[in-house]
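Structure first, commentary second.
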Amino acid sequence: MTDRDLSPATYAVVAGRPDRTEGAPVNPPVVLSSTYIGRGAAQPGVPVYTRLGTETWEPLEEALAGLEHADQPGLVFGSGMAAVSAALDLARPGTRVVVPQHAYHAALVAARRLRERSGIEVVEVDIADTDAVRAAIAGGPTSLVWAETPTNPMLEIADIREISAAAHELGALVVVDNTFATPLAQRPLKLGADVVVHSVSKYLSGHSDLILGAVLTDSREVYDAARERRDIGGAIAGPWETWLALRGLRTLALRVERSQANAAELARRLAEHADVVAVSHPSLPSHPQHERATAQMDGYGSIITLRPAGGAAGADALAAAVELWVPATSLGGVESSLERRRRFASEAPTVPEDLLRLSVGIEDVEDLWRDLRVGLAAATLV
Ligand SMILES: Cc1ncc(COP(=O)(O)O)c(C=O)c1O
């Protein structure tokens, strides 16, 4: 039986375990050492210094590469943004990078900095509009296409297969930020993308208790470049975070199945609620890329966007009134949370002022609904 014969739910449980020798621990150990004994010339695969690699990363890297069906070993980073930055650095100076106008706002800032530092032209597009993406790729010597999907926070769905075909025709790499979907709902490398990045801080670890990132790829060249970015940039993962992330990953399938089911049910109810101005979730037939999501994904994700009555003040009143939903940034934890995205000045001005991003957790859906209705009522009173 190979790893790829296993369902992802099983693989997440068994991956990265120590060999089954008599007396071996069931879980991988945490090695706390910054350096390793070494006398002669450094040998490939033999640890030297923890910034350059440690056995504590390897079980998580194996598990993430296996879940994404990546041919190269996984690379964990100290944060999702460290992984994003390493992937953006694959862009060649003097070329064009195509990015979604609604990618995670710090990723957009990082892309714009490339423009200032490296003379890279950064073109922001509606990533759901495949013709616009094709035109942007063809409009200059493009070396990289960033295809976060679903986008944060607008939940646009990019057509990974079509975008990858168009990019490859002109020699560009395609990076997909798969944080929102998780490898359970979407495997970008199998759809033609070259690189997957994750904020492991979200669903993969799943408990809002750590910050980590990862890069996964089939390409040796990309692996070597990203690994060098990690070695030299030094944005490495801490040992405890890595171990905790692997522990969280064991329950990924249970968590994602439950939170996706909760999200679809809440979205359906919100769509019928009189005090809701707009609701978006890829499961809803009203979502502009509902059919694309159905064809491309094995689940619709657990993020909903909601515009309650009362504008931005109504959204703030809702966030203040709920008792179960946690008013906090980030997403992908077992607990349901929400926030008005435009409370950040760096969020794109095309994101509506009153838009709440809901990260649906694994609680009982009826409890979540009851609490949300209290919040919706509070929004109408502003
Ligand atoms: C889609 C997406 N990508 C990347 C990141 C950055 O990850 P981190 O916060 O782990 O650096 C985030 C964080 O919210 C995100 O939502």
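Is one or more of the residues making up the stretch 223-234 in the same structural domain as I127 (by TED's automatic domain parsing), touching a helix residue (DSSP H, G or I) at 6+ places or on another chain (Cβ under 7 Å), closer than 18 Å to R292 by Cβ and among the basic types (K, R)? No; the residues of the stretch 223-234 include none that is in the same structural domain as I127 (by TED's automatic domain parsing), touching a helix residue (DSSP H, G or I) at 6+ places or on another chain (Cβ under 7 Å), closer than 18 Å to R292 by Cβ and among the basic types (K, R).
Could you tell me how many of the residues in the stretch 267-288 are of a type in the set (A, V, I, L, M) and surrounded by fewer than 15 Cβ atoms within 10 Å (Cβ to Cβ)?
First, pick out the residues of the stretch 267-288 that are of a type in the set (A, V, I, L, M): 267, 270-271, 274, 276-279, 284.
Adding the requirement that they be surrounded by fewer than 15 Cβ atoms within 10 Å (Cβ to Cβ) leaves 274, 278.
The total comes to 2.
Of the set (1) more than 21 Å from the chain's Cα centre (by Cα); (2) under 30 Å from V374 (Cα atoms), all apply to R220 but (2).
Considering (1) in contact with a helix residue (DSSP H, G or I) (Cβ under 6 Å, 6 or more places away or on another chain); (2) at pLDDT 95 or above; (3) over 20 Å from T251 (Cβ atoms), the lone condition that P93 does not fulfil carries the number (2).
Here T182 does not qualify as surrounded by 23 or more Cβ atoms within 10 Å (Cβ to Cβ) and away from the ligand (no atom under 16 Å from the Cβ).
Considering the conditions (1) of a type in the set (S, T, N, Q); (2) outside any loop (DSSP other than H, G, I, E, B); (3) away from the ligand (no atom under 16 Å from the Cβ), T350 is excluded by exactly one of them, (2). In the stretch 70-80, the condition of being among the acidic types (D, E), more than 9 Å from the ligand (Cβ to nearest atom) and over 30 Å from R17 (Cα atoms) is met by no residue. For the stretch 24-63, enumerate the residues that are of a type in the set (G, A, S) and surrounded by fewer than 14 Cβ atoms within 10 Å (Cβ to Cβ). Answer for the stretch 24-63, where residues must be of a type in the set (G, A, S) and surrounded by fewer than 14 Cβ atoms within 10 Å (Cβ to Cβ): A24, S33, S34, G38, G40, A41, A42, G45.
Give the number of residues within the stretch 301-318 that are away from the ligand (no atom under 16 Å from the Cβ) and closer than 21 Å to Y104 by Cα.
Qualifying residue count, the stretch 301-318: 4.
For the stretch 111-135, what are the residues that are free of Cβ contacts under 8 Å to residues at least 24 places away in the same chain and touching a strand residue (DSSP E or B) at 6+ places or on another chain (Cβ under 7 Å)?
Narrowing the stretch 111-135 to residues free of Cβ contacts under 8 Å to residues at least 24 places away in the same chain: 112-113, 115-117, 129, 131-132, 135.
Correct list: R112, R115, A132.
Only residues that are within 12 Å of the ligand (Cβ to nearest atom) and not hydrophobic (A, V, I, L, M, F, W, C) were counted across the stretch 132-163, and they come to 6. Go through the residues of the stretch 365-379 one by one and say whether even a single one is crowded, with 17+ Cβ neighbours inside 10 Å and part of a loop (DSSP other than H, G, I, E, B). For the stretch 365-379, residues crowded, with 17+ Cβ neighbours inside 10 Å and part of a loop (DSSP other than H, G, I, E, B): absent. Of the residues making up the stretch 289-346, those that are more than 20 Å from Q260 (Cα to Cα), part of a helix (DSSP H, G or I) and not basic (K, R) number 11.
The values are calculated or read from the model by the stated rules, or taken from the named source; none is laboratory data. Please read these numbers as outputs of a predicted model, since none were measured by experiment. Every residue, glycine as well, gets a Cβ built from its backbone with ideal geometry; the counts of neighbours run over all protein chains shown.
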